[in-house]
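S.K.: My structure is below; once you've seen it, I'll send some questions.
The values are calculated or read from the model by the stated rules, or taken from the named source; none is laboratory data. Quantities reported herein were computed from a predicted structural model and do not represent experimental measurements. Glycine also receives a Cβ, built like all others from the backbone with ideal geometry; neighbour counts cover every protein chain displayed.
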Amino acid sequence: MQSSAPDVAPPRRKWKFSLLRSVGSRLFLSILGGSLVGLGLTALLSYRELARQSEAELLSSLQVKAQNLEGEFQTFENSTHLVADAIKTLHAAGEKREQVYVDLINRALVTSPLATGLGFGQPPNQRLLIPSRRYAYPYAIRRLKDQPVIAKGGESDPSSYEENYFKQPIAAGKPVWLEPVSYTETTLEPPRDLVTTSYTLPVYNEKKQLLGVLSQDLELGFLSQELNTHVMRDAGHFVLVSAQGNLIAYPPDPQQAINLRPFQKINNYQGIWNHIQQSLRQGGKNGILQWRDASGARSFWAFEQIPGNGWVLMAEVPESVVLGPVIRFTALGTLGSVLGASILQGAVVALFVRNLNRRLQPIMDECNHLAETSAKSEELMSREDELGRLTISFYALLGQVTVNERRLRKEMARSEQALKALQQTQAQLIQTEKMSSLGQLVAGVAHEINNPINFIYGNLPHAANYTRDLLRLVNLYERKYGETDPDIKAYREDIDLEFIVDDLQKMLASMQIGADRIREIVLSLRNFSRLDEAEMKRVSIHEGLDSTLLILQNRLKPKPDSPGIEIVKQYGKLPLVECYAGQLNQVFMNILSNSIDALEKYNKERTPEAIAADPPTITISTELLHGQTSGNTVIRIEDDPARVPTVVICLEDNGPGIAKEHRSKLFDPFFTTKPIGKGTGLGLSISYQIVVEKHKGSLRCESEPGKGAKFIIEIPVRHPNPAKLT
């Protein structure tokens, strides 16, 4: 009997999915490689941006110091011009006494905090001021800090009139700053070695005749103390160099400045000086460069030319201070990002491969079992049941990913809106605080001026009446005793009584006009600040515009280097408007200030002939739409509820205009085309919020390059929310 062995099922093979593991590692390496490339590019861009910001910080620190020095120099120059004006006034009055001029120079030096010496040289061959002296040179010299000033007159050394401080300003015909010099001052006891520079100017009378040369000395020790500070991050130093390249202040080695050593002779700085001079010749006023000195140390050098005297202020900061934090931040950030990305991507890929293995394992086991136990393995493996379920699972996963992606996009959009709202709030807080401080300052100044000017204004009529009474009394004495009493007649001729009577009346009239003008200014300042009008009130738009123009009057006047700006008012008949008066004045201030900045910059680019043909002008026009005025109220003339009475304010200039690519960004927060330190990019953004959100109006700009810019403000006469009205 033949027996057959029982069927034994073949052992089931376990798939290890080595291929999937290989795919997982390749997937991980591919994603990691792409991430590293992206992180590397991001790190490079971050490094460049942070380096640019550090350079901007260095240049900004230099500009602040340069502005401080420029202010000190302007104060020094103004004090010299005041003395020159006093000398011209004394000459016009016929003063010839030398001691009067000595006393004037003495008082001027005592009150000057920076000057160490002050002198006035009269030309020997043109003695219009002190004819009794051929070599008249009254002067004053400051001794040590706690000792009095020495002031002298008398005959001077004829060689003094051959020195640069006397000849150079006459040849130039204008004030000049002289190169620093080192000398021994023998008029002091004991004599002192001084290193000074001088601001000298020729003094002319009304007939353009030379009266002499006024020279005020500035000791360089003051500048060395002023610049003995760190530039940024508790490192670096400032260097001040004259227009000829001589050291004026050098904190690393002050003795070099005392010796007036040329800057080019220090280390290997000849190349730095050549680069700065080339940049200044090309019209640049400041800049920054990297330099390696003779010892191999690398550093950043920033420079800026000081207007007026042509001196150059430089700041040197080691490269490690400027770029060290940037490199450390970028390196640590990149390393942390690489480690974080590697760990996260490794975990994600491992979980993905594990989950994929778990889902595919049953299908692969079933296919393997069918292939080993059935001859129809290929036909069975082509069935769609298991593979169909796998496909369905993949599509379900894809759908879930799509849903999550849409949800993520919505969250990103909401986050972006929240960020914009936060930026607008921050910008408004900054600008509101700044304008609040300005308003408080203006209101305080107006209040402090108001009381004394009221006293003057109230007493001027009484003074005028008393003066008329006294003049009548003098006239009576004149008729009764003027011709009979020789003493009265002689004294009347000595004092020129007729001139005094005529000039006294003119003087009182001038004082009345001045008092009226000051009262108008105080009223305009209080109207502009409006600290008591934080709530909505009915106010005059024209008063707000006039107050703002008064605040900006100083910028509208002609200056030596630029013509004045003409204001054309085309005011219509407007009613009182419900608005936040202080905030609306802020809008006028922002727009008018931008127009003035644009016109000043535009004038610097034009020739005098072009400016004369088309003078800088700002036109302000107002009108009322969809209504007519009756006193201070408005009458609606249309039944359409959408067409409410509206006030239109147009502020137009004939400047260079605004480029098309900039017009769409005008009202974005922090957008500005001005250089660093000149603008914040908040003015127009805040103005737009005030007009549109606070007053339910509109603010738009119409401009083309070369045709000026026109800002149009439209606000309703009556606010849609009357509950806010007080």
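Condition check ((1) in contact (Cβ under 8 Å) with a residue 12 or more places away in the chain; (2) closer than 19 Å to Thr186 by Cβ; (3) in contact with a strand residue (DSSP E or B) (Cβ under 8 Å, 6 or more places away or on another chain); (4) assigned to a loop (DSSP other than H, G, I, E, B)) across all residues:
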position: Val110; (1), (2), (3), (4): yes, no, yes, no
position: Thr116; (1), (2), (3), (4): yes, yes, yes, no
position: Gly119; (1), (2), (3), (4): yes, yes, yes, no
position: Asn125; (1), (2), (3), (4): no, no, no, yes
position: Arg133; (1), (2), (3), (4): yes, no, yes, yes
position: Ile141; (1), (2), (3), (4): yes, yes, yes, no
position: Gln147; (1), (2), (3), (4): no, yes, no, yes
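S.K.: Determine, yes or no, whether Arg97 is farther than 25 Å from Leu218 by Cα, at pLDDT 90 or above and out of contact with any Gly (no Cβ under 8 Å at 6 or more places or on another chain).
M.R.: yes
S.K.: Looking at the range 264-295 only, could you name the residues that are touching a helix residue (DSSP H, G or I) at 6+ places or on another chain (Cβ under 8 Å) and more than 25 Å from Glu57 (Cα to Cα)?
M.R.: Result: Gln264, Ile266, Gln270.
S.K.: State all residues of the range 35-67 that are among the polar types (S, T, N, Q), surrounded by 13 or more Cβ atoms within 10 Å (Cβ to Cβ) and in contact with a helix residue (DSSP H, G or I) (Cβ under 9 Å, 6 or more places away or on another chain); if no residue qualifies, say none.
M.R.: Residues satisfying the conditions are Ser35, Thr42, Ser46, Ser54.
Residues are listed down the side, and each one gets a yes or a no for (1) loosely packed, with under 15 Cβ neighbours inside 10 Å; (2) in contact with a Leu (Cβ under 9 Å, 6 or more places away or on another chain); (3) under 17 Å from Leu82 (Cβ atoms):
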position: Asp103; (1), (2), (3): no, no, yes
position: Leu114; (1), (2), (3): no, yes, yes
position: Pro138; (1), (2), (3): no, yes, yes
position: Glu155; (1), (2), (3): yes, no, no
position: Ala172; (1), (2), (3): yes, no, no
position: Val176; (1), (2), (3): no, yes, no
position: Thr184; (1), (2), (3): yes, yes, no
position: Asp193; (1), (2), (3): yes, no, no
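S.K.: Restricting attention to the range 191-228, which residues are closer than 30 Å to Ser60 by Cβ and without any contact (Cβ under 8 Å) to a residue 12 or more places away in the chain?
M.R.: Gln225
S.K.: Kindly indicate whether any position in the range 344-352 is under 28 Å from Arg48 (Cβ atoms) and not charged (D, E, K, R).
M.R.: Scanning the range 344-352 turns up at least one residue that is under 28 Å from Arg48 (Cβ atoms) and not charged (D, E, K, R).
S.K.: Among the residues of the range 147-159, which ones are under 44 Å from the mean Cα position of the chain (by Cα) and either farther than 14 Å from Tyr101 by Cβ or not assigned by TED's automatic domain parsing to the domain that holds Val102 (or both)?
M.R.: Within the range 147-159, Gln147, Pro148, Val149, Ile150 qualify.
S.K.: For the range 73-92, give me each residue that is among the acidic types (Asp, Glu) and buried (at least 16 other Cβ atoms within 10 Å of the Cβ).
M.R.: Glu77
S.K.: Ok, one more. Sort out which residues of the range 54-78 are touching a Leu at 6+ places or on another chain (Cβ under 8 Å) and either touching a residue at least 40 places away in the same chain (Cβ under 8 Å) or not in a helix (DSSP H, G or I) (or both), and write them in order of number.
M.R.: Ser54, Leu62, Lys65, Ala66, Leu69, Glu72, Phe76, listed by residue number.
S.K.: Moving on to the next point. Is it the case, given these coordinates, that Trp311 is more than 29 Å from Ile87 (Cβ to Cβ) and in the same structural domain as Glu57 (by TED's automatic domain parsing)? Step through it out loud before you land on a result.
M.R.: Working: more than 29 Å from Ile87 (Cβ to Cβ): no; in the same structural domain as Glu57 (by TED's automatic domain parsing): yes.
Answer is no for this residue.
S.K.: Let me ask you something else. Based on what the data block shows, is Leu32 in a helix (DSSP H, G or I), surrounded by 12 or more Cβ atoms within 10 Å (Cβ to Cβ) and in the same structural domain as Ser215 (by TED's automatic domain parsing)?
M.R.: Taking the combined requirement at face value, the residue satisfies it.
S.K.: With respect to Val102, is the statement that it is of a type in the set (A, V, I, L, M), touching a Gly at 6+ places or on another chain (Cβ under 6 Å) and in a helix (DSSP H, G or I) true?
M.R.: The answer is yes for Val102.
S.K.: Let me ask another. Would you be able to say whether some residue in the range 622-642 is modelled with pLDDT of 90 or more and either assigned by TED's automatic domain parsing to the domain that holds Ser593 or in contact with a Phe, Trp or Tyr (Cβ under 6 Å, 6 or more places away or on another chain) (or both)?
M.R.: yes
S.K.: Among what's in the range 306-359 and is among the polar types (S, T, N, Q) and either over 30 Å from Val64 (Cα atoms) or crowded, with 18+ Cβ neighbours inside 10 Å (or both), pick the residue that is modelled with the highest pLDDT.
M.R.: Result: Asn309.
S.K.: Out of curiosity, is Ser215 among the hydroxyl-bearing types (Ser, Thr, Tyr), within 26 Å of Val64 (Cβ to Cβ) and not in a loop (DSSP other than H, G, I, E, B)?
M.R.: Here the answer is no, as Ser215 does not meet what is asked.
S.K.: Further, regarding this structure: Which members of the range 563-611 meet the condition of being among the polar types (S, T, N, Q) and either farther than 24 Å from Leu684 by Cβ or not assigned by TED's automatic domain parsing to the domain that holds Ser687 (or both)?
M.R.: The answer is Thr607, and nothing else.
S.K.: Can you tell me which residue among Ser593, Ser562, Ser547 is in contact with a helix residue (DSSP H, G or I) (Cβ under 8 Å, 6 or more places away or on another chain), polar (S, T, N, Q) and more than 26 Å from Leu666 (Cα to Cα)? Working first, answer last.
M.R.: Details: Ser593 fails: more than 26 Å from Leu666 (Cα to Cα); Ser547 fails: more than 26 Å from Leu666 (Cα to Cα).
Residue meeting the stated conditions: Ser562.
S.K.: Looking at (1) touching a Leu at 6+ places or on another chain (Cβ under 7 Å); (2) at pLDDT below 75, can you tell me which one Met511 breaks?
M.R.: Of the numbered conditions (1) touching a Leu at 6+ places or on another chain (Cβ under 7 Å); (2) at pLDDT below 75, the odd one out for Met511 is (2).
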